[in-house]
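In what follows, a single structure is set out as structure tokens and then discussed.
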Amino acid sequence: MHKEQFGEVESIKKPPHYEAIHQLALDIVNANNKQQEWVAYNQIKEICDKFAGTPLDHPFQWETLADFTYHNPEIALSYYFKALELAMLFN
């Protein structure tokens, strides 16, 4: 992408907890065993639960949680709907 062709690229603001969630996602995909995977997964869930309904609630964290909730598709779907609901609130 060239600036001349598309103009200045506006800086995109990262969602709250982006760095922590991103690192935990990397921890999950690089885990050496299921225990390490679950520790990181539960930390993402803790962030989601702790900030649910606050100004620091964001679709990014719920979608990431849903992405790694492959062990229970029904729960994953509820997290995706939570992310969608928040995204619609944020327009």
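Short-range pairs are left out: with C-alpha atoms under 8 Å and at least six residues apart, the relative contact order of region 21-90 is 25 percent. With a cut-off of 16 Å, note down the residues of region 70-86 whose backbone N falls inside the zone around a label point 7 Å from the Cα of residue 38 toward its beta carbon. Inside the label zone: 70-72.
The spread of Cα positions in the chain, taken along each principal axis and listed from longest to shortest, comes to 49, 32, 22 Å.
How would 71, 22, 58 line up from fewest to most surrounding beta-carbon atoms within 10 angstrom?
Details: 71 9, 22 14, 58 23.
By the 10 Å Cβ count, ascending: 71, 22, 58.
Values quoted throughout were computed directly from the atomic coordinates according to the rules given, and no laboratory measurement underlies them. The structure displayed is predicted, hence computed values, not measured ones. Positions of Cβ are backbone-derived with ideal geometry, glycine not excepted, and every protein chain shown enters the neighbour counts.
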